[in-house]
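The values are calculated or read from the model by the stated rules, or taken from the named source; none is laboratory data. Computed from a predicted structure; not experimentally measured. Cβ coordinates were reconstructed from backbone atoms using ideal geometry, including for glycine residues, and neighbour counts include every protein chain displayed. Ligands, DNA and RNA are excluded from the accessible area calculation, which covers all protein heavy atoms including side chains. Shrake-Rupley method; radii C 1.70, N 1.55, O 1.52, S 1.80 Å.
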Amino acid sequence: MSRPLTSERINEMKKEFNSNRGNQVAQTAATTNGLFKAAENIRSIDDNNFNFSIDVDTHQVTNQRHSGRCWMFSCLNVIRFQIEKQYNIENFELSQNYLFFYDKLEKANYFYQNILDTSGEELSSRDVQFLLNSPQQDGGDWNLIISLVEKYGVVPKYEMDESSCSMDSTELNTLLNRKLRADAIVLRRMMNSNKTNDEIKSFIDEQLVEVYRILSIALGTPPETINFTFRNKDKKYTSYQNLTPVEMYQKYVDIDLNDYAIIINVPTESMPFDQTFEVELSGNMVDGKPNRYLNVEMDELKKLTIKQLKSGEPVWFACDVLKHFDRQKGIMSDSLYKFKELFDLDFNMTKGERFNYRESLPTHAMVIAGVNIVDDKPTKWKVENSWGDTIGDKGFCVMDDKWMTDYLFEVVVRKEFLTDTQRANLDKDATVLPFWNPMNPITPMI
């Protein structure tokens, strides 16, 4: 039923608004300070101090700058933690730019393959439009970093430092996506005019050479061999010379990323607990590892996270950082803002409803570096972010337990901490979800 807004209806709204004195107070507070400042709860800030009963990670935080590489930074922070522990060194950092380069190159090739696979569909089809909307982007997930690290290894940051275009990827993404869309036009024409496989392969190879050139100009050229050198806490100097990046990962880093599993909490009817899921068109390379998720109750997810923290190891996670987060203070709390009191209304949605209606989905990846436990129950969690050291407590944030329940969707833990039933469920055939499912890591991360 169509019902247009009339001047009479608007005047009624205005009269009702003006009749409530609380509206006038709220208006003054909001127009002077902004909505979030006007609704900020001081008690919540005091409760979420930076003291934790289990605290495993205190190294200097990293800074992804103006890019969507949080998933990559967070995973490399887990690896660097192991390197620091293994070699008794402080504040070692791996090159994010190195893997960023290869992620872009692989995503270009992945895009070309998907354009070929959908060439028989109409240009207006949902599949093709999804691919063209974002041929490649900065987002990703844990298993995508595994694919990159196993194929390309890791290098110290000093071997391939950040560039202007890695610290702010906006321009690179704009130009690279423009090229990929232009190439998609040619590929669809070639497929629909029955060009030979050799002709198509030759065209893609030529375009990948151009993509490599774009990336090299923007990000620098990745090194083929590197030196792994450091001075440990006892001031002893060590140098491993002329390593390939893959050798560094395989021989000098005591971690196997395949020993970890992605555990999620998405309470929706379409994604039952204790089942495993994958999302189509969510990879970053041809023949790469699919993102594979085991969905569990939140209490189980927390138990697994605490097990890993108690073993002395931080935990990678993904959440909706856009909700109830004071970025400057570094506080994530469900009670941080009193929007109900400010607007005199409720935003009543369950976590599953927020997920299904895209009100809340994974938007950022970080590392859980500690937890505060009182009477055997977690009350708040220490978080290592990758936004530099000017926010929170030198770059670390605090997440209260209720916020974690409502807005954390995904953690990565060692498989050894899973129960026998959970390991068995993880190994079962996965239900493949459509690419528009909000778990698809193509969603731009902050």
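Assorted remarks:
- Screening region 268-293 for residues that are touching a Lys or Arg at 6+ places or on another chain (Cβ under 9 Å) and either open to solvent by less than 50 Å² (accessible area, probe 1.4 Å) or among the basic types (Lys, Arg) (or both) and picking the one that is farthest from residue 147 (Cα to Cα) gives 268.
- Just one of the listed residues (244, 238) is open to solvent by 40 Å² or more (accessible area, probe 1.4 Å), of a type in the set (Val, Ile, Thr) and modelled with pLDDT of 95 or more, namely 244.
- Residue list for region 153-176, filter: open to solvent by 40 Å² or more (accessible area, probe 1.4 Å) and part of a helix (DSSP H, G or I): 157, 158, 159, 164, 167, 170, 171, 174, 175
- Answer residue from region 349-369, given it is hydrophobic (A, V, I, L, M, F, W, C) and in a loop (DSSP other than H, G, I, E, B) and is most open to solvent (accessible area, probe 1.4 Å) among those: 349
- Test: residue in region 48-57 that is in a strand (DSSP E or B) and either closer than 30 Å to residue 310 by Cβ or charged (D, E, K, R) (or both): yes
- Lone qualifier among 114, 109 - being open to solvent by 10 Å² or more (accessible area, probe 1.4 Å), farther than 22 Å from residue 224 by Cβ, in a helix (DSSP H, G or I) and at pLDDT 95 or above: 114
- Residues in region 303-336 that are open to solvent by 10 Å² or more (accessible area, probe 1.4 Å) and more than 27 Å from residue 42 (Cα to Cα): 303, 306, 307, 310, 311, 312, 313.
- Near pairs, Cβ below 6 angstrom, 6+ apart or cross-chain, from region 138-151 (polar (S, T, N, Q)) to any residue that is outside any helix (DSSP H, G or I) and surrounded by fewer than 21 Cβ atoms within 10 Å (Cβ to Cβ): 143/289; 147/285; 147/288; 147/289
- Index of the failed condition, residue 371 passing every other in (1) within 21 Å of residue 269 (Cβ to Cβ); (2) touching a Leu at 6+ places or on another chain (Cβ under 9 Å); (3) not aromatic (Phe, Trp, Tyr): (1)
- Lone qualifier among 88, 51 - being open to solvent by 80 Å² or more (accessible area, probe 1.4 Å), closer than 30 Å to residue 232 by Cα and out of contact with any Pro (no Cβ under 8 Å at 6 or more places or on another chain): 51
- Filter pass, residue 411 being open to solvent by less than 20 Å² (accessible area, probe 1.4 Å) and either at pLDDT 95 or above or assigned to a loop (DSSP other than H, G, I, E, B) (or both): yes
- Here residue 328 passes the criteria (1) part of a loop (DSSP other than H, G, I, E, B); (2) over 27 Å from residue 138 (Cβ atoms) except the one numbered (2).
- Qualifying residue in region 334-343 (condition: hydrophobic (A, V, I, L, M, F, W, C) and within 18 Å of the chain's Cα centre (by Cα)): no
- Any hit, region 421-431, residues being of a type in the set (S, T, N, Q) and modelled with pLDDT under 95: no
- Residue list for region 271-299, filter: charged (D, E, K, R), in contact with a strand residue (DSSP E or B) (Cβ under 8 Å, 6 or more places away or on another chain) and not in a strand (DSSP E or B): 274, 280
- If you go through region 117-136 and keep only what is open to solvent by 30 Å² or more (accessible area, probe 1.4 Å) and either in contact with a Lys or Arg (Cβ under 9 Å, 6 or more places away or on another chain) or on the phi > 0 side of the Ramachandran plot (or both), you end up with 123, 132.
- Selection count where residues are hydroxyl-bearing (Ser, Thr, Tyr) and assigned to a loop (DSSP other than H, G, I, E, B), scope region 370-402: 2
- Among residues that are under 30 Å from residue 414 (Cα atoms), in a loop (DSSP other than H, G, I, E, B) and open to solvent by 30 Å² or more (accessible area, probe 1.4 Å), residue 346 is not included.
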